[in-house]
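A short write-up of the structure that comes next.
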Amino acid sequence: MAETRGATVEFRSVTKRYGDTVAVDGLSFAVPAGRICVLVGPSGCGKTTSLRMVNRLIEPTSGEILIDGENVLQGDPTELRRRIGYVIQQTGLFPHQTVADNIATVPRLLGWPKERIGARVDELLTLIGLDVRMLRRYPAQLSGGERQRVGVARAMAARPPVMLMDEPFAAVDPIVRERLQNEFLRLQRDQGITVIFVTHDIDEAIKLGDRVAIMRAGKLVQYAPPGELLAHPADDFVARFVGSDRGLKRLSLLTVGGADIDPNFDRSRLDGAPVLSPSMTLRDALAAMLASESQTGKVMDGDRYLGALTLAKIGAMLRVETPA
Amino acid sequence: MTLLGDVAGWFADPAHWQGTHGIPTRIVEHLELSGLAVAVAIVLSVPLALYLGHVGRGGFVAINVANIGRALPSLALLAFALPIAIALGLGLGFWPTLFALVPLAIPPILTSTFVAVREVDRDVVDAARGMGLRESQILRAIEIPLGLPLILDGMRTASVNVVATATLGAIVAGGALGRFIVDGLALQDYPQLVAGALLVALLAVATEVSFAAFARATAPAGMTANP
Amino acid sequence: MTPGEPLVRWDWVANHTGEIGLRIGEHLELTIIAVVLGLAIAFALAFAGLRLPHLYPPITAFAGILYTIPSLALFAFLVPYTGLSLLTAEIGLVSYTLLILVRNIVSGIRSVPSEVRDAALGMGYTPRAILWRIELPLALGVIFAGIRVATITTIGLVTVTALIGQGGLGYLILLGIQQFFSTPLIVGATLSVALAVAADGALVLVQRSLMPWTRVR
């Protein structure tokens, strides 16, 4: 499993012009190896154009894109693309090929021996949680969620150090989307791939991103970890984009264990209070307290009493600063 | 070049423009035969196709008629028509050719008329019914006008096929423009052969072009890009 | 076709099985040459039209005019130059296949979903590999629809080439008309229809075996 190593990706003053219109304007940011960077913004903000410049489906007008310090704009684009995973919303699975052949696409292009391809396909199928009987099926025989899983497996087949994903979960229903997101996060942590992920959904960006890049009209407006984005939006645009409930969203990034718990709170006054575990998010804790109409929650680490969390403490965390 | 000169000479000969074997007579014969065949095919297939299309049944039959129609070679149709015409005592020439042309014209007309009515936006038909139009009114006021371009398209395909195939009537001693070709072949008279081919080709292209013009002129306002 | 005589005299059929077989063979040969040549020319024209889109309208317009000219007229134009020959027959037959084949090849390739092309390019397929391994296989259904129509039409048209001394089963039809004898006429016509139906069925089977992904569900 540990064969795959993520690479760093860096944009340096990347600009794309179409005639007089500037689609991407002087974009600069760096993604650390093995992390997920989410590009998010309203439609037409240049996020997909930026993504497609990494594997040179679109050639930048100026600037540099570096993968592990190497400029991707030098060399053969076809060779480059075989080293980068690529997943898109409509999956782009080849309808005339079986699941196995679809997954084997890039290893075949790279000329891997047959046995190695077969072994890798089997391994990926297990990783994405599909039954081996699926291997001989065609894309038309799969559900939307299964197709997206196969799309991800196909992109990871040749162990690329970098993966590009363009709204990969946008076309499936919310329940399946959440499951796919969780599976993807587990898979990404496990494989250590660097991912650049495009979405228009800020909730998805906050959930998946180690770093979130908010774009507007071709420019990078803010590039920060999601918690910081919610706590300190750079301007009104970001504040509006992350939503007026950004305080609430931020609670889902924080855990009970990290909150200000009062260990000296009188335990006898906690009868009827909901039991909270330290690994719970503050958002879930708040929901539990509101549901049981209690002002406090009892924080327990297994059998051990850690203290009490009050509504007032959570409320204080909700009042995040507004931009100047 | 000499052949083209001879062909021009053939056209220039006034004898070829007169009498029962002249070009005008042959053109009239060709148009009569083709026109009658298409008219009979329309009478036989349009009402049925409109009905089936309106009630939305028989799609399988309508589509398969088109496929069968393609598999029926024109010379084979003529071959089947000849013994029938003889048995009915109608002789050679005009009647067996007509019998061969009618089944040739039916499939494109039947299929495209059916599809034309069927493909009219069901929401529009639903709205019309909701406003109290009778079924016959829906067909007359909505389905036929909206489906007209496609209906005409089927008639165009049928007419071009019929004009082309009417040429074969000369094989069974018919008149029309095929006469020049069949006689030209038999007598190795190349000027007559090429002149006949030219006339038939022009008539076929003219049929195609005039149908296209007619379709443009009758297209319902609002269905073209610049009404 | 004298009154009282049966439409088909089976004794004639029994005595002429050799000839009938020969005509079927000729008919198939004329058809296969026309469709294979037509396909080769149509692929060249279609690729030209895909590579240089401004060439596509004139290509289809030219093929359309060829298609509109009645078959007998087209053969008649050619006879003074190429005689009553196989070449004359094939030039005419090939001409009629072009419109449907070019149109279906181009629209088949153009109808390949753009996301499939995008995914292939993004994973490092070369443009040539995309054409051969992605676009052509996916366009096969539409291309085969064209081949089926072209084949059926050609089988029908081959009968007409009897008038220029070729014709396969058309020869039997013409014989029947000339001798006023319904048996060869009906045998020729029936067999040519049967041949069209059989060829269509065979093409469907070939198509299914080439496109296993369309058989699922």
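Read-outs throughout are calculated quantities, based only on the coordinates presented, and are distinct from any laboratory measurement. If you're wondering where the values come from, they're calculated on a predicted model, not measured in any experiment. Note that each Cβ is placed from the backbone with ideal geometry, even for glycine, and that neighbours are counted across all protein chains shown.
Say the dipole of the protein assembly as shown comes from +1 at the beta carbon of Lys and Arg and -1 at that of Asp and Glu; which of B:Ala76, C:Thr68, A:Leu124 then lies farthest toward its positive end? Farthest towards the positive pole: A:Leu124. Under a cut-off of 16 Å between alpha-carbon atoms, report the lysines in cross-link reach of A:Lys207, not counting same-chain residues fewer than 8 places apart. Reachable lysines: A:Lys249.
Net charge dipole, the protein assembly as shown: roughly 1100 debye, given to the nearest 20, about the Cα centre with Cβ charges of +1 for Lys and Arg and -1 for Asp and Glu.
Note on A:Asp303 and A:Met317: the extension gain reaches 2.3 nm, defined as 0.36 nm multiplied by sequence separation minus the Cα-Cα distance. When the alpha-carbon atoms of segment A:50-133 are used, the pair Rg, Dmax equals 15.4, 48 angstrom. Between B:Gly58 and any residue 5 or more places off or on another chain, the built amide H atoms are never under 5 Å apart.
The longest part of chain B holding none of the exposed loop trypsin sites (Lys or Arg not before Pro), meaning those outside H, G, I, E and B in DSSP with at most 15 other Cβ atoms within 10 Å, is B:135-227.
Pull out a ≥ b ≥ c, the square roots of the eigenvalues of the alpha-carbon gyration tensor of segment C:127-168, then state rounded if a/c is under 1.5, prolate if not and a/b is larger than b/c, and oblate in the remaining case. Prolate, because a/c is 1.5 or more and a/b exceeds b/c. Enter the angle in degrees (range 0 to 90, nearest 10) between the Cα long axis of helix A:174-191 and the first principal axis of the Cα atoms of chain A, meaning the one along which they spread out most. It works out to around 70 degrees. Between A:Gly218, A:Gly307, A:Gly144, the Gaussian network model of chain A with springs among Cα atoms under 10 angstrom shows the greatest mean-square fluctuation at A:Gly307. In this structure the amide hydrogen of A:Asp166, modeled in the peptide plane, comes within under 5 Å of the amide hydrogens of A:Val87, A:Ile88, A:Gln89, A:Val198, none closer than 5 places in sequence on its chain. Could you grab the relative contact order for chain C? Cα pairs under 8 Å, six or more apart, rounded to a whole percent. The value is 27 percent. Which one, C:Ala14, C:Ile91, C:His54, is farthest towards the positive end of the dipole of segment C:1-125 when Lys and Arg carry +1 and Asp and Glu -1 on their Cβ? Most positive-ward Cα: C:His54. Each part reduced to its alpha carbon centroid, segment A:159-221 and segment A:58-126 end up 18 Å apart.
With the convex hull of its Cα atoms as the shape, segment A:254-318 has an orientation-averaged projected area of 3.8 nm².
Quarter the surface of the alpha carbon convex hull of the protein assembly as shown and you get the mean projected area, 48.3 square nanometres.
Computed over the Cα atoms of segment C:20-212, what is the convex hull's projected area averaged over all directions, in nm²? Don't jump to the answer; show the numbers that get you there.
Details: hull surface 48.6 nm².
One quarter of the hull surface, i.e. the mean projection, equals 12.2 nm².
Under a 5 Å amide H cut-off, with hydrogens placed 1.01 Å from N, A:Gln222 pairs with A:Ile214 among residues at least 5 apart or on other chains.
Rounded to the nearest 500, the helix-only mean residue ellipticity at 222 nm of the protein assembly as shown stands at -19000 deg cm²/dmol, with each DSSP H run of n ≥ 4 adding -39,500 (n - 2.57). Positive end of the dipole of the protein assembly as shown (Cβ unit charges, origin at the Cα centre): among B:Ile106, A:Ala239, B:Ala217, the Cα lying farthest that way belongs to A:Ala239.
Sequentially through segment A:215-225, phi angles give Karplus couplings (6.51, -1.76, 1.60; θ = phi - 60°) of 10, 8, 6, x, 10, 7, 8, 8, 10, 7, x Hz, Gly and Pro residues having no value and appearing as x.
Taking B:Leu148, B:Leu88, B:Leu104 in turn, the Gaussian network model of chain B (Cα-Cα springs below 10 Å) assigns the largest fluctuation to B:Leu88. Helices in chain C that qualify as membrane-span-like (whole DSSP H runs, Cα extent of at least 20 Å along the helix axis, mean Kyte-Doolittle hydropathy of 1.6 or higher) are C:136-160.
So what is the relative contact order of chain A, in percent, for Cα pairs below 8 Å that sit 6 or more residues apart?
Details: 611 pairs, mean separation 64.3, N = 324.
RCO, chain A: 20 percent.
About the centre of its Cα atoms, segment A:9-244 shows a dipole size close to 580 debye [charges on the beta carbon of Lys, Arg (+1) and Asp, Glu (-1) only; nearest 20 debye]. Each Cα pair of chain A feeds into the Kirkwood radius, which the Stokes-Einstein equation turns, at 10 °C and 1.306 mPa s, into a diffusion coefficient of 73 µm²/s.
For chain B, build the convex hull from the C-alpha positions and give me its volume per residue in Å³. The partial results should precede the final answer.
On the way: hull volume 35.3 nm³, N = 227.
That works out to 156 Å³ per residue.
With the simple spin-label model, which puts each label point 7 Å out from Cα in the Cβ direction, the A:Ala170 to A:Asp262 separation comes to 4.7 nm. Largest mean-square fluctuation among B:Gly19, B:Gly169, B:Gly69, in a Gaussian network model of chain B whose springs join Cα atoms under 10 Å apart, belongs to B:Gly19. Distance between the C-alpha centres of segment C:54-102 and segment B:23-37: 25 Å, rounded to the whole angstrom.
Can you figure out the FRET efficiency of C:His16 with C:Leu50, using R₀ = 41 Å and their beta-carbon distance, to the nearest 0.05?
On the way: r = 49 Å, r/R0 = 1.19.
That pair, C:His16 with C:Leu50, gives E of 0.25.
Convex hull over the alpha-carbon atoms of segment A:37-182: what's its volume per residue in Å³?
Numbers: hull volume 19.1 nm³, N = 146.
Cα convex hull per residue, to the nearest whole number: 131 Å³.
If the only charges are +1 at each Lys and Arg Cβ and -1 at each Asp and Glu Cβ, what is the size of the charge dipole of segment A:254-318 around the Cα centre, to the nearest 20 debye?
Details: 6 positive and 8 negative charges, 11 e Å.
Its charge dipole is roughly 60 debye.
Grab the alpha carbons of segment C:118-217, take their convex hull, and tell me the volume per residue in Å³. Walk me through the intermediate numbers first.
Values: hull volume 11.3 nm³, N = 100.
Value for segment C:118-217: 113 Å³ per residue.
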